[in-house]
Amino acid sequence: MKLIQGNSFYYPSQVVIGGYKIDNQLVLIDSGNDDSSVRKAIRDFSEVNVIALFNTHSHADHCGGNAYIQKQYNPPTFAPTLEKSFIEAPILEPTYLYGAYPLQILQNKFLMAKPSVVTHLVTSEDPIEIPFSDGNQPFTPVSLPGHSPNQYGFVTPDGIAYLGDALISAEMIAKHPLLFTYNVTEHLESLKKLESLAANGYVIAHGGYYDAIKSLILSNLNAMEMTLESLRKCVFEKPSTFDLLHEHLCSLYNLTENVPQNRLNRSVIHAHVRHLVDLGELSIYSEKGKLFLSR
């Protein structure tokens, strides 16, 4: 792990794992894709003891190493309400993406982490005291829903904010401009909230460490608005089905999909449509087995 400042660390991989360490006592913030990821993250620390584990949300690349850490160290594990259900029953993730018991092709490690146990629920932004040998240290939750149902970030005692997937790097946006989101309305509100989050530094899961995030917030907002505007334009020209909207975005963003990616992208389209329907900009109706969207 790389030291940021004070006692705060991060592991710079495809999916960042955070850490806060005093002597040999380590608090982890997310656990990566799988056992291997989290083992690599902590291997530079000799005789380390993981005394707590925080999960920002339930996506498999953030809790895939939970089971390993719990088997090795048995730390108290903190996760937000609702996210807990998905962490403990990973079949729920592909189930909601598919809308029924999921196809076998959807039951993979990228959508389903090994099941693990959440021992403590995160329900507010009140500081959580973690007992170290030299006294308690406060970790402050920050509610950031949108990307997932009830995502939280966590600010260490050093003032380093670990933000999970509340923000995506500009490089990732360039490669994957259709940002994954569960609730567009809350996602946009969380991005606005981040504008006023004062911290000594920021860590995002797909991007690493940043001294400041103002321009990054703008990049994320612009990406979300680009998708919304594209869907508006498509529907305003003529009534459209979800299949037509999906085809339009595949063309716009040059998307090449396998089956899991198709289900993930369709979920994102559903999230944007829901936002526009709630705003009163779109209407939705059913005709001959198809759902149509119109102005």
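The values are calculated or read from the model by the stated rules, or taken from the named source; none is laboratory data. Small disclaimer: the values here were computed from a predicted structure and weren't measured. Virtual Cβ from ideal backbone geometry, glycine too; neighbours counted across all protein chains shown. Side chains are part of the model used for accessible areas, which takes the heavy atoms of the whole protein and leaves out ligands, DNA and RNA. Shrake-Rupley method; radii C 1.70, N 1.55, O 1.52, S 1.80 Å.
Things worth noting here:
- Here GLU125 meets each of (1) under 24 Å from GLY65 (Cβ atoms); (2) part of a loop (DSSP other than H, G, I, E, B) with one exception, condition (1).
- Residue list for the range 96-122, restricted to those being open to solvent by 40 Å² or more (accessible area, probe 1.4 Å) and either acidic (Asp, Glu) or under 18 Å from ASN183 (Cβ atoms) (or both): TYR96, GLY99
- Test: residue in the range 129-142 that is touching a residue at least 60 places away in the same chain (Cβ under 8 Å), of a type in the set (Gly, Ala, Ser) and buried (at least 18 other Cβ atoms within 10 Å of the Cβ): no
- If you go through the range 24-42 and keep only what is open to solvent by 10 Å² or more (accessible area, probe 1.4 Å), polar (S, T, N, Q) and within 14 Å of ASN55 (Cα to Cα), you end up with just ASN33.
- Identity of the residue in the range 1-22, under 21 Å from THR140 (Cα atoms) and over 21 Å from the mean Cα position of the chain (by Cα), that ends up least open to solvent (accessible area, probe 1.4 Å): ILE22
- For the range 101-125, a residue qualifies if it is under 15 Å from PRO260 (Cβ atoms) and aliphatic (A, V, I, L, M), and the qualifying residues are LEU103, ILE105, LEU106, LEU111, MET112, ALA113.
- Figure legend. Inter-residue proximity from the range 269-295: first residues more than 20 Å from CYS250 (Cβ to Cβ) and in contact (Cβ under 8 Å) with a residue 60 or more places away in the chain, second residues open to solvent by 60 Å² or more (accessible area, probe 1.4 Å) and assigned to a helix (DSSP H, G or I), beta-carbon distance below 8 Å, spacing 6+ or different chains. Indicated pairs: ARG295/PHE236.
- The single condition from (1) among the small types (Gly, Ala, Ser); (2) crowded, with 18+ Cβ neighbours inside 10 Å; (3) within 22 Å of the chain's Cα centre (by Cα) that SER240 fails is (3).
- Counted residues, the range 43-76 - those being farther than 18 Å from SER13 by Cβ and open to solvent by 50 Å² or more (accessible area, probe 1.4 Å): 7
- Among (1) open to solvent by 20 Å² or more (accessible area, probe 1.4 Å); (2) within 26 Å of ILE269 (Cα to Cα) - the single one SER196 does not satisfy: (2)
- Every listed requirement among (1) open to solvent by 30 Å² or more (accessible area, probe 1.4 Å); (2) within 24 Å of GLU225 (Cα to Cα); (3) part of a loop (DSSP other than H, G, I, E, B); (4) of a type outside the set (Val, Ile, Thr) is met by PRO145 save one, (1).
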